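Visitor: Just dropping this structure here.
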Amino acid sequence: MVKHETKYCPKCNKEFECKVGSISLCQCTTVNLTTEERQFIQSKYDDCLCANCMKDLKTTFHNQQFNNKLKRILGVHYKQEK
């Protein structure tokens, strides 16, 4: 029997179904992550996230990477948007 579990996303508290017993059908497989993106998310959360939050954190990761590159290039002239 395939095991599915109801979970709550630790970021947005939205309920979702984790399909650990048939991982290829789980909602998380709709989000493709690089190793670096996965490590970034794992550094912030210990449990499964809903697909929307995974996409949001993927965007956050890339925004941080972009801002870090700008800071290295611009040095003291860099002003981060709030």
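The values are calculated or read from the model by the stated rules, or taken from the named source; none is laboratory data. Quick caveat: nothing in here was measured; it's all calculated off a predicted structure. Cβ placement follows ideal geometry from the backbone for every residue including glycine, while neighbour counts extend to all protein chains displayed. Accessible surface areas use protein heavy atoms only, side chains included; no ligands, DNA or RNA. Shrake-Rupley method; radii C 1.70, N 1.55, O 1.52, S 1.80 Å.
Visitor: Enumerate the amide H contacts of LYS14 below 5 Å, restricted to partners 5 or more residues apart or on another chain; note that Pro and chain-start residues carry no placed amide H.
Guide: HN-HN under 5 Å from LYS14: CYS9.
Visitor: For a Förster distance of 30 Å, can you work out the FRET efficiency between the beta-carbons of THR35 and ASN13, rounded to the nearest 0.05?
Guide: Once the sixth-power term is evaluated, E becomes 0.60.
Visitor: Going down the list LYS7/LYS44; LYS11/LYS69; LYS19/LYS55, which pairs span over 22 Å between their C-alpha atoms? Each step should come with its number before you reach the end.
Guide: Numbers: LYS7/LYS44 17 Å; LYS11/LYS69 27 Å; LYS19/LYS55 18 Å.
The answer is LYS11/LYS69.
Visitor: Report the net charge of residues surrounding LYS14, where surrounding means a beta-carbon distance below 15 angstrom and charges are Lys +1, Arg +1, Asp -1, Glu -1.
Guide: On the way: positive: LYS7, LYS11, LYS55; negative: GLU5, GLU15, GLU17, ASP47, ASP56.
Neighbour charge sum, excluding LYS14 itself: -2.
Visitor: So, one more: Please report the carbon-and-sulfur percent of the accessible area for the chain; probe 1.4 Å, protein heavy atoms only, DNA, RNA and ligands left out.
Guide: Carbon and sulfur together cover 50 percent of it.
Visitor: Additional query: With every protein chain present, what is the per residue accessible area of the chain (1.4 Å probe, Å²)?
Guide: Working: 6410 Å² over 82 residues.
Counting only protein heavy atoms, the per-residue value for the chain is 78 Å².
Visitor: Taking the convex hull of the Cα atoms, report for the range 14-78 its projected area averaged over all directions, in nm². Please report the intermediate quantities before stating the final value.
Guide: Values: hull surface 21.4 nm².
Projected area, direction-averaged: 5.3 nm².
Visitor: Give the accessible area for LEU70 in Å² (nearest 10); use a 1.4 Å probe, count only protein heavy atoms, and leave out ligands, DNA and RNA.
Guide: Its accessible surface works out to 50 Å², give or take rounding.
Visitor: Within a Cβ distance under 14 Å of HIS62, other residues only, what is the Lys/Arg minus Asp/Glu net charge? The partial results should precede the final answer.
Guide: Details: positive: ARG38, LYS55, LYS58, LYS69; negative: GLU36, GLU37, ASP56.
Within the 14 Å Cβ shell, the charges total +1.
Visitor: Using θ = phi - 60° and the Karplus form 6.51 cos²θ - 1.76 cosθ + 1.60, what ³J(HN,Hα) does each residue of the range 46-52 get, whole Hz, x for Gly and Pro?
Guide: Result, ordered by residue: 9, 10, 4, 10, 6, 4, 4 Hz.
Visitor: Using a 1.4 angstrom probe on the protein heavy atoms only, line up ARG38, ARG72 by accessible area, largest first. Walk me through the numbers on the way to the answer.
Guide: Details: ARG38 105, ARG72 170 Å².
Listed by decreasing accessible area, they come as ARG72, ARG38.
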